[in-house]
Structures are given as C-alpha cells and as structure tokens.
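Accompanying notes for the structure given below.
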Amino acid sequence: MNILILGNGQLGQMLGKAVIQQGHQCILYSDRQQQVMPLASDQPLPMSLDEAKAWADVVTWEHEHLGEALVEQTHDKFLIKAERFNQLTDRRTQKSLCDELGVPTSPWQAYQTTDELRDILSNCDKAVVIKSARGGYDGKGQWRWKPGQDADPIIQEAGQRPGIVEDMIPFSHEVSVVAARDHHGEQRGYPLTLNVHNDGILAYSMAGAQQFTDELEALAQQYHQKLTDHIDYIGVLAIEFFVVGEGEKQQLLVNEIAPRVHNSGHWTMSGANCDQFNLHIRCITGLPLPEFLVAPTLMINAIGVDGLPEVLWEASAADCHWYGKAPRPGRKVGHVNFMIDTFERGEKLASQWCDELIKLA
C-alpha cells in the first residue's frame, strides 16, 4: 500500500519506519516547506502535493494542525470525514463533542473576541486556564489567570484569536490513554500512562509500573471508544486526562484530544510488542491488531540539549532516540526509554536524568 504522511517531523519519520517494517511504501509532505519528501532525507522529491496524493492509497498525518487548505486538498484520501477531523482540531468543537457524548471535562466557556474574554474574566470568581482554540502545544497558546490578577495583558494577547476558558481544577495526576480503532471498530489500548510536565512541556512518561485501578483503566478505554466510535475514527488517537478525586471516587476529566500518535506513547517503542506507530499503520492498512504484551517503561524527553550522554547510548536498560534537530531551549530533540521493574525505580531514574536531559531556558 502507498501511504502519504502529512508532516515530516520526528512523528512522521517514526510512522515511516513502521510503514517500511510492514512492507508498504511511504512519502512525506512537509507542510512547513511545502515540499514532498522521502523518508529519512532532507532532499525534496520532484513531485507536487497533488501528484503525491494521486500516488497514495491513503493519507495520514503526524500532527493535526494542518491548516484548512491542506485538509481541503487531501481529505478525500483521509480515513475520517474532513468535518470530523476539523472538529478535533478546534478546542471549542472538541469540548462540545465531549459534552455531547457525556465524556466529562473541566467546565469551560468559548470566546471569539477580546471583549468576550474580558466579560468572561470579569464574571469569574475562580482560577482559570485560557487556551487558543486552534494550535498551541507544549504550553504555547495557554495562559493562567486568577481573581485579583491584572487581566489586561492576558486579554490583549489571548484575545487576538478565539479560544476557551477552562476552570482550573485540583488533580492528583495527569495521565493519557493511547489507543487505536480499526476499520471494523475493533479497539486496542495501552495502559494509562502517567505524565509529568515541566513548564507545560512533557518531561517524562511512565507506563506499566504505575498502579491505577482497574476501574480507572476501564473508564479511560470506555471514553476513548465512545469518542472514536462516534466519529468513526481509524488509527491511533490519544486523550490526555486529569485524575480527580480519591480512592473509589477517582474520575477522569478530558484535558486534550490528539487525533494522532502521541509523545506520551513513545514508551511503547521499547515497552510493548507493538508500538503506537506500528499500531497506527496496522489500523489504516487493515492488518490485524495484536493483543498487547507490555513491560514497565519510563520515557524521558530530551529537550533543548545538543546530544545524549554516551553513558545512555551504552546502557543496556536505555533505548536512545535522537531526532537530528538543531537544539534550542524548549525544543524536543530526542527521547530515552528506560526499562524498569518498579514505579519507584522509574521515579529514581527520572530524578537522576531529567535535569541533564531537559533545558527549557
């Protein structure tokens, strides 16, 4: 099968590796350079986007912020209707979908203009998070405000584009579920992944060792299936949640939905018999989905550094991935997966390596 991947960053490259592993062919489209690219090369192909689409049997993507023009040009070979895809790329319609399906989120309001945002904040008596409706990741396009704080600087910046205002809620953990749905509606989901952020950027994830309750695990899969069944989604989709409450009263509130492979699923490259990239390609090409075998794994992002320490490349329990990007503060340039035996061992390794692998400023 011929597969066109929109985007040629690290996620696109990892998807491409899975394409080759399963015996298919792929090319990538750089939406930044507006060029068709081969896998693992920065030399463009002498091919237009329309020619690449004609060559492809199916079009998939590494990120959801493709822009209306690119979606319009390629959507006839998507495995999801364009309107459903667009619904997931705008936080207003994303949250409305959750409300429609009874999937809980933090209370929220939408705004279109600076005046509407000012009106919301003037009537707000609790701390909130303000998010741009489209785009934004790793803490970008987000602002925090609480009563008593001068709102004008935030209003002037955040109000330049439509967005949402969410109540800031107390939570015990941030987690994600990375799961997939195939052409037949069959689902496969990895265990809930614990995510720890630094300045809005994912610092590390851990799965297979963190003991969330069976009820919470089942609830995450239930919400994922409800959402993907409703929009007839095919492929890997990630949902980020806040864990609220304690004990038997623990609940999940949706934070963000990412219709793609996800940074918090990188641990599967070392800790599962079928990683998230292979799982996605299986879904879109019609291969059977396997039952999962999972090993406890810690994933630490390399952010803003100019290389990974040699000791990690040499370590038997470390699986290093370098993206070949020029480093700058806050930019993800690689990740390291650590095979672990206990949650405590993962926390110890995270404490040991995060400072050396993460440079935000």
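The values are calculated or read from the model by the stated rules, or taken from the named source; none is laboratory data. If you're wondering where the values come from, they're calculated on a predicted model, not measured in any experiment. Don't worry about glycine lacking a Cβ; one is built from the backbone with ideal geometry, like all the others, and counts go over all protein chains shown. Heavy atoms of the whole protein, side chains included, go into the accessibility calculation; ligands, DNA and RNA do not. Shrake-Rupley method; radii C 1.70, N 1.55, O 1.52, S 1.80 Å.
Examine segment 327-349 for a residue that is in contact with a helix residue (DSSP H, G or I) (Cβ under 6 Å, 6 or more places away or on another chain), within 16 Å of residue 202 (Cα to Cα) and among the aliphatic types (A, V, I, L, M), and state whether such a residue exists.
yes
Being crowded, with 19+ Cβ neighbours inside 10 Å and either of a type outside the set (A, V, I, L, M) or modelled with pLDDT of 95 or more (or both) narrows it down to one of 254, 305, 294, so name that one. Explain how you work it out, then say what you get.
On the way: 305 fails: crowded, with 19+ Cβ neighbours inside 10 Å; 294 fails: crowded, with 19+ Cβ neighbours inside 10 Å.
Residue meeting the stated conditions: 254.
State which residue pairs qualify: first residue of a type in the set (A, V, I, L, M, F, W, C) and inside segment 25-39, second residue modelled with pLDDT of 95 or more and open to solvent by 50 Å² or more (accessible area, probe 1.4 Å) in any location, beta carbons under 6 Å apart, and separation of 6 or more residues or different chains.
36/45; 36/47; 37/44
Please verify whether segment 218-235 includes one or more residues that are under 25 Å from residue 358 (Cβ atoms), under 20 Å from the mean Cα position of the chain (by Cα) and buried (at least 20 other Cβ atoms within 10 Å of the Cβ).
Keep residues of segment 218-235 that are under 25 Å from residue 358 (Cβ atoms), which gives none.
The answer is no, given that none of the residues of segment 218-235 is under 25 Å from residue 358 (Cβ atoms), under 20 Å from the mean Cα position of the chain (by Cα) and buried (at least 20 other Cβ atoms within 10 Å of the Cβ).
Take segment 20-57 and flag every residue that is within 21 Å of residue 85 (Cα to Cα), buried (at least 20 other Cβ atoms within 10 Å of the Cβ) and under 24 Å from the mean Cα position of the chain (by Cα).
The answer is 28, 29, 31.
Would segment 149-172 turn up any residue that is modelled with pLDDT of 95 or more, under 30 Å from residue 336 (Cβ atoms) and buried (at least 22 other Cβ atoms within 10 Å of the Cβ)?
no
So which residues in segment 200-217 are in a loop (DSSP other than H, G, I, E, B) and either at negative phi or surrounded by fewer than 18 Cβ atoms within 10 Å (Cβ to Cβ) (or both), if there are any at all?
200, 209, 210, 211, 212, 213
Based on what the data block shows, is residue 324 out of contact with any strand residue (DSSP E or B) (no Cβ under 8 Å at 6 or more places or on another chain), free of Cβ contacts under 8 Å to residues at least 60 places away in the same chain and under 30 Å from residue 25 (Cβ atoms)?
yes
For segment 39-58, name all the residues that are touching a Cys at 6+ places or on another chain (Cβ under 9 Å) and more than 13 Å from residue 7 (Cβ to Cβ). Can you show your working first?
To start, the set of residues in segment 39-58 that are touching a Cys at 6+ places or on another chain (Cβ under 9 Å) comprises 39, 56.
Across segment 39-58, the qualifying residue is only 56.
Could you tell me whether any residue of segment 325-336 is open to solvent by less than 40 Å² (accessible area, probe 1.4 Å), basic (Lys, Arg) and closer than 27 Å to residue 131 by Cβ? Give the steps one after another, and end with the answer.
Restricting attention to segment 325-336, the residues satisfying the condition of being open to solvent by less than 40 Å² (accessible area, probe 1.4 Å) are 330, 332-336.
From what's left, basic (Lys, Arg): 332.
Filter again for closer than 27 Å to residue 131 by Cβ, leaving 332.
Yes, some residue in segment 325-336 is open to solvent by less than 40 Å² (accessible area, probe 1.4 Å), basic (Lys, Arg) and closer than 27 Å to residue 131 by Cβ.
Looking only at segment 127-148, filter to residues that are more than 10 Å from residue 165 (Cα to Cα) and among the basic types (Lys, Arg); which one of those is surrounded by the most Cβ atoms within 10 Å (Cβ to Cβ)?
134
Hey, among 101, 88, which residue is under 18 Å from residue 253 (Cα atoms), out of contact with any Cys (no Cβ under 7 Å at 6 or more places or on another chain) and either crowded, with 20+ Cβ neighbours inside 10 Å or at pLDDT below 95 (or both)? Working first, answer last.
Working: 101 fails: either crowded, with 20+ Cβ neighbours inside 10 Å or at pLDDT below 95 (or both).
Residue meeting the stated conditions: 88.
State which residue is nearest to the chain's Cα centre (by Cα) when the search covers only segment 144-177 and only residues that are in a loop (DSSP other than H, G, I, E, B), within 13 Å of residue 114 (Cβ to Cβ) and free of Cβ contacts under 8 Å to residues at least 40 places away in the same chain.
We begin by selecting, within segment 144-177, every residue in a loop (DSSP other than H, G, I, E, B); these are 146-151, 159-162, 168-172.
Going one step further and asking which of them are within 13 Å of residue 114 (Cβ to Cβ), we end up with 151, 159-162.
Filter once more, so that each one left must be free of Cβ contacts under 8 Å to residues at least 40 places away in the same chain: 151, 161.
Details: 151: 30, 161: 22 Å.
Looking at the filtered set, the residue picked out is 161.
Of everything in segment 187-199 that's outside any strand (DSSP E or B) and either of a type in the set (Lys, Arg) or touching a strand residue (DSSP E or B) at 6+ places or on another chain (Cβ under 9 Å) (or both), which residue is most open to solvent (accessible area, probe 1.4 Å)?
Narrowing segment 187-199 to residues outside any strand (DSSP E or B): 190-192, 199.
The next check asks that each one be either of a type in the set (Lys, Arg) or touching a strand residue (DSSP E or B) at 6+ places or on another chain (Cβ under 9 Å) (or both); those that pass are 190-192.
Details: 190: 2, 191: 35, 192: 3 Å².
Ranking the qualifying residues of segment 187-199, first place goes to 191.
From the list 272, 302, 318, exactly one residue is touching a residue at least 24 places away in the same chain (Cβ under 8 Å) and closer than 23 Å to residue 360 by Cβ. Which is it? Steps first, please.
Details: 272 fails: closer than 23 Å to residue 360 by Cβ; 318 fails: touching a residue at least 24 places away in the same chain (Cβ under 8 Å).
After applying the criteria, what remains is 302.
Is it true that residue 67 is modelled with pLDDT under 95 and within 24 Å of residue 84 (Cα to Cα)?
Numbers: modelled with pLDDT under 95: yes; within 24 Å of residue 84 (Cα to Cα): yes.
Here the answer is yes, as residue 67 does meet what is asked.
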